[in-house]
Amino acid sequence: MDLFNVYPLVNITPVRALGAKLWDDQGQEYLDFYGGHAVISIGHSHPHYVQRLTEQLHNIGFYSNSVQIPIQMQLAHKLGQVSGYDDYTLFLCNSGAEANENALKLASFHTGKKRVVAFRGAFHGRTSGTVAATDNPKIVAPFNAGHAISFVDYDLKAVADVLRGGDVCAVIIEPIQGVGGIIMPSDDFLQGLSLLCGAHNVLLIADEVQSGYGRSGKFFAHQHAGIRPDIISVAKGMGNGFPIGGILIAPQYKASYGLLGTTFGGNHLACAAALAVLEVIENEDLLAHATAMGDHLRTELLAHAGALEIRGRGLMVGIKYDFPIKEIRDKLLAEFHIFVGNASDPTVLRLLPPLNITKAEVDRFLGALFALVGVTA
Ligand code: PLP
């Protein structure tokens, strides 16, 4: 049987990876400045992560979400403590799209309403229930029959106009748009949005699937604006490559048996992976490190990248040029052996390196980029 051919592949076969580096079957070393769309948060094969997963493999394998699973509670406690959301509850699932689907469901159950407000250029997943980007025909997913979606710009008046219709259950927003091209609503906008949602009894869902888990230099990107959303969806960096997602739910939304559910959500291995990630983020002070490396990267890029704009926060960086970046991206890989990402905007280069990337590795990337497009400031 062949694989269903939906991904264009580069001709590289990685066989080993450590930290921000990986090696192919020819022994060629690569620098990973993209981490599989922000999935690799603590670096490939981190020893603590490998040890945690290995120990779990030797431990209990029996899994059913109708028995008590202490490691789920450990994960919820640790996530509450590290993220500053101790008073929220956690529902565990398997991916970002599934997290957002459950967030939207919960909002509908709570309000009895169906309309969702989302923002132009956003990407929240590819299952039929989640909200796909509107402006890139390559990534448009079918809309769910259950939810009507209103797409708006970052304009509080436009949001208020939709909310006044009285049929909205939730506003969903990426505090930093990833796929859309590292686009950030202002902190003022997020604060205004939070107040607006509160005033209309509409749930605010922060989709932190890509921007969360320390990527922006704070645990969640919305924390730069000091807001507290009703629901926060997480995935990607949560398991450092092991599939896991979840939603953090504000204390006023109460659970009842059967309200949400999924077979694999919260299985032992996924929880062990997610705990290892949180322990490494904490023990290695990776939020501070991501901030420092992000500042260094941004300073150098502003001075020498010859770009129109340097976007993002921490280690979620977009470099906006006035030409398509495909050639730069291809050359970084072919000539300098560095993986970087693109976005739905073809003129944006997207950088999402592991949070524990070293300064030497950042400088290696900068040297390569500047050799291709560098200018002297
Ligand atoms: N939300 C955001 C912000 C994302 O960037 C993505 C994936 O790129 C998703 C949701 C969907 O996550 P998944 O691919 O795990 O379903």
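The values are calculated or read from the model by the stated rules, or taken from the named source; none is laboratory data. Note that the structure is predicted; figures quoted are calculated from it, not measured. Don't worry about glycine lacking a Cβ; one is built from the backbone with ideal geometry, like all the others, and counts go over all protein chains shown. Ligands, DNA and RNA are excluded from the accessible area calculation, which covers all protein heavy atoms including side chains. Shrake-Rupley method; radii C 1.70, N 1.55, O 1.52, S 1.80 Å.
Taking LEU315, is it within 21 Å of the chain's Cα centre (by Cα) and either open to solvent by less than 10 Å² (accessible area, probe 1.4 Å) or modelled with pLDDT of 95 or more (or both)?
When the stated conditions are applied, LEU315 passes them.
Can you confirm whether the range 238-249 contains a residue that is among the β-branched types (Val, Ile, Thr), over 14 Å from ASN100 (Cα atoms) and in contact with a helix residue (DSSP H, G or I) (Cβ under 9 Å, 6 or more places away or on another chain)?
No, that holds for no residue.
Got a number for residues in the range 56-77 being open to solvent by 60 Å² or more (accessible area, probe 1.4 Å) and either at pLDDT 95 or above or in contact with a Cys (Cβ under 6 Å, 6 or more places away or on another chain) (or both)?
Final tally of qualifying residues: 3.
Looking only at the range 42-65, how many residues end up being in a loop (DSSP other than H, G, I, E, B), in contact (Cβ under 8 Å) with a residue 40 or more places away in the chain and not polar (S, T, N, Q)?
6
Exactly one condition in (1) buried (at least 21 other Cβ atoms within 10 Å of the Cβ); (2) within 16 Å of the ligand (Cβ to nearest atom) is not met by VAL6; state its number.
With respect to (1) buried (at least 21 other Cβ atoms within 10 Å of the Cβ); (2) within 16 Å of the ligand (Cβ to nearest atom), VAL6 is out only on (1).
With respect to TYR85, is the statement that it is surrounded by 21 or more Cβ atoms within 10 Å (Cβ to Cβ), of a type outside the set (S, T, N, Q) and in contact (Cβ under 8 Å) with a residue 60 or more places away in the chain true?
Against the criterion (surrounded by 21 or more Cβ atoms within 10 Å (Cβ to Cβ), of a type outside the set (S, T, N, Q) and in contact (Cβ under 8 Å) with a residue 60 or more places away in the chain), TYR85 qualifies.
Can you work out which of the residues in the range 103-124 that are out of contact with any Gly (no Cβ under 9 Å at 6 or more places or on another chain) and assigned to a helix (DSSP H, G or I) is surrounded by the fewest Cβ atoms within 10 Å (Cβ to Cβ)?
Here the residue is PHE109.
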